[in-house]
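*Asks:* One structure coming up, written as structure tokens, with questions to follow.
Just so it is clear, none of the values below were taken in a lab; they were calculated from the coordinates. In this text, all values refer to a predicted model and were calculated from it rather than measured experimentally. Reconstructed Cβ throughout: ideal geometry from the backbone, glycine too, with neighbour counts over all protein chains shown.
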Amino acid sequence: MQTSSPSTAAELDELTGAVATAFSQRGWTLAVAESCTGGLLAASLTDLAGSSQWFERGFVTYSNAAKTACLQVSPSLIESEGAVSEAVARDMVSGAQISSGVTAAISITGIAGPSGGTPEKPVGTVCFGWAMKKSDANNHITTTTAYFLGNRQSIRQQAVVFALRGLLQTIA
């Protein structure tokens, strides 16, 4: 459980540049699976010229039905854990990586607000997953939950920055 402060455009540019350099130099590919960020992560990555060399695809699975249809997230898992959970983030990132055949993947699912929060999962709760192919038969997946403050756009932007930081830590 972590909390992040608002990020700047310069920080986002720095992080996307670092991801681009790391993936280009290694010949790796990336896919993303987004819910509450609605494609903001994919847009940030593809704003970079040359991103087609390493960015494979993005899934915007905003509804639970989309998570199931596109990423093979179990409806019973969504029902038992909630769409905003590390378990669902894990299945989202796994589904994105497997269906895309990429080296690495990121997932984001959360509550950007202004409504939709509960006492257990308030607005600003965002769950993340990172998957990294370590070998042909072994994928390493990590998940975490973060809590962000601010309005809807701020929460979404902070989630993108957090996801990129987590990816860079995963591949380090």
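*Asks:* How many residues does the stretch 126-148 contain that are touching a helix residue (DSSP H, G or I) at 6+ places or on another chain (Cβ under 8 Å) and more than 23 Å from Gly27 (Cα to Cα)?
*Replies:* Qualifying residue count for the region: 8.
*Asks:* Right, Ser154: among the polar types (S, T, N, Q) and without any contact (Cβ under 8 Å) to a residue 24 or more places away in the chain or not?
*Replies:* On the way: among the polar types (S, T, N, Q): yes; without any contact (Cβ under 8 Å) to a residue 24 or more places away in the chain: no.
Answer is no for this residue.
*Asks:* If the Cβ limit is 7 Å and pairs must be 6+ apart or interchain, which residue in the stretch 16-44 that is closer than 16 Å to Gly129 by Cα pairs with which residue that is in a strand (DSSP E or B) and of a type in the set (Ser, Thr, Tyr)?
*Replies:* Qualifying pairs under 7 Å: Ala33/Ser107; Ser35/Thr109; Cys36/Thr109.
*Asks:* Let me ask another. Counting only residues that are among the aliphatic types (A, V, I, L, M) and either crowded, with 22+ Cβ neighbours inside 10 Å or touching a strand residue (DSSP E or B) at 6+ places or on another chain (Cβ under 8 Å) (or both), how many does the stretch 13-46 have? Let's see the steps before the verdict.
*Replies:* Quick first cut of the stretch 13-46, residues among the aliphatic types (A, V, I, L, M) only: 15, 18-20, 22, 30-33, 40-43, 45.
With either crowded, with 22+ Cβ neighbours inside 10 Å or touching a strand residue (DSSP E or B) at 6+ places or on another chain (Cβ under 8 Å) (or both) added as a condition, the list becomes 19, 30-33, 40-42, 45.
Count: 9.
*Asks:* Does Glu86 qualify as being more than 30 Å from Glu120 (Cα to Cα), touching a Ser or Thr at 6+ places or on another chain (Cβ under 7 Å) and not β-branched (Val, Ile, Thr)?
*Replies:* Numbers: more than 30 Å from Glu120 (Cα to Cα): no; touching a Ser or Thr at 6+ places or on another chain (Cβ under 7 Å): yes; not β-branched (Val, Ile, Thr): yes.
Considered against the rule, which asks whether it is more than 30 Å from Glu120 (Cα to Cα), touching a Ser or Thr at 6+ places or on another chain (Cβ under 7 Å) and not β-branched (Val, Ile, Thr), Glu86 comes out as no.
*Asks:* Scan Ala131, Ala105 and give me the residue that is under 21 Å from Gln169 (Cβ atoms) and touching a residue at least 40 places away in the same chain (Cβ under 8 Å).
*Replies:* On inspection, the qualifying residue turns out to be Ala105.
*Asks:* Sort through Thr144, Thr125 and tell me the only one that's under 14 Å from Ser35 (Cα atoms) and of a type in the set (Ser, Thr, Tyr).
*Replies:* It is Thr125.
*Asks:* If you don't mind, another one. Answer with yes or no whether Ile108 is within 17 Å of Arg57 (Cα to Cα) and not hydroxyl-bearing (Ser, Thr, Tyr).
*Replies:* yes
*Asks:* Another question about this same structure. Only residues that are assigned to a loop (DSSP other than H, G, I, E, B), within 17 Å of Ile108 (Cα to Cα) and not β-branched (Val, Ile, Thr): list them for the stretch 28-46, please.
*Replies:* Ser35, Cys36, Gly38, Gly39, listed by residue number.
*Asks:* In the stretch 86-109, what residues are among the small types (Gly, Ala, Ser) and out of contact with any Cys (no Cβ under 6 Å at 6 or more places or on another chain)?
*Replies:* Correct list: Ala87, Ser94, Gly95, Ala96, Ser99, Ser100, Gly101, Ala104, Ala105, Ser107.
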